[in-house]
1. Looking only at segment 23-51, how many residues end up being open to solvent by 10 Å² or more (accessible area, probe 1.4 Å) and either part of a helix (DSSP H, G or I) or among the aliphatic types (A, V, I, L, M) (or both)?
2. Of the residues that sit in segment 5-22 and are without any contact (Cβ under 8 Å) to a residue 60 or more places away in the chain and either assigned to a loop (DSSP other than H, G, I, E, B) or polar (S, T, N, Q) (or both), which one is nearest to the ligand (Cβ to nearest atom)?
3. Can Lys239 be described as open to solvent by 50 Å² or more (accessible area, probe 1.4 Å), more than 11 Å from the ligand (Cβ to nearest atom) and within 15 Å of the chain's Cα centre (by Cα)?
Amino acid sequence: MRKPIIAGNWKLNKTPHEAILLADELKRELVDTTGVDIVVCPPFVDLTDVSDALVDHDIAVGAQNVFWEDAGAFTGEISAPMLKDLGVKYVIIGHSERRQYFYETNETVNKRLRAALKHGLTPIVCVGENLAQRESNKTFDVVKDHCEGSLSGLTKDEIQKIVLAYEPVWAIGTGKTATPQQAQEVHIFIRQLLGKLFDDEIAGSVRIQYGGSVTPDNIVSLMAQADIDGALVGGASLKAPSFAAIVKGAKK
Ligand code: PGA
C-alpha cells in the first residue's frame, strides 16, 4: 500500500515573514495528519523559518532545487549538506520551470538526484510533456525520456527512496487539469516503465504524484485513480485552507 503524499511547491512566493504566517496557519488547519505524508517546499531563504515553525509538526519541509556539489566555488548555489543541516527532508528536482527557464536537462537532474540521495534527502523528480509534445502524440516518448534520463544509473535501493511527479506542462498554473483518465494513463505507463528498468515489485512501491492545477475540487477524482499516489501542488498550496482541503481529499 503506497501512502499518499501531498507536496506544496511555493515557487517564487512568500517572503520569510509571509512564510512564517503560512506555516503557522497550516499547523492550525492540519491538525490530523494521519494517512498522508505532507510536505511544503518554500524558497531557500524561507527554509530556516519554516523549519522552525513546523518543528513540532508532522508537515515536512522540502527545497525546490539542490546543486550537485557539496561545497566549493559555485556562486549562488545551495548544496544538499546545507539543506540537511536545516532539517530539510525533501527536494523537488527537474521541475518543468527549471527545465524551461534554467536549462535543466536530464543529465543535470540526474546529478542533483544523486547528490540528494547521497545526503539522505528524498527527491521529488518531475517529468512531463508540454502542449506541443502532447498535441503531436509525443507524451509517452517525452515521459520515457525524462524518466530514463533522470533516473539513469540508479540502483534498486535508490529508486525506492524517490518520489516521482508527473506534471504535464500545459496543466501547470493554467487551470487546465489533466482529466483523471489522462493522468492515470501516464502514471501506469511510468509504473510499467519502472517495472522494466528495475522490477515489478519496486515499480509497485514507488509513489507517483500528479501535478498541474490540482485543487480541492479535483483532488478526490485524481486520487481515485489506481496509480496516482498524491499531488504536487503549486497555486493552491499558497493558501492554508485550500492546501489543507487537498490534503484531506488525498486520504484514500
Ligand atoms: P500548479 O503548479 O498547481 O499551480 O499548476 C504545479 C507545479 O508546478 O508543481
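1. 11
2. Among those residues, the one meeting the criterion is Leu12.
3. When the stated conditions are applied, Lys239 does not pass them.
The values are calculated or read from the model by the stated rules, or taken from the named source; none is laboratory data. Just so it is clear, the structure is predicted and the values come from calculations on it, not from any experiment. Every residue, glycine as well, gets a Cβ built from its backbone with ideal geometry; the counts of neighbours run over all protein chains shown. Note: accessible area is taken over every heavy atom of the protein model, side chains too, but ligands, DNA and RNA are not part of it. Shrake-Rupley method; radii C 1.70, N 1.55, O 1.52, S 1.80 Å.
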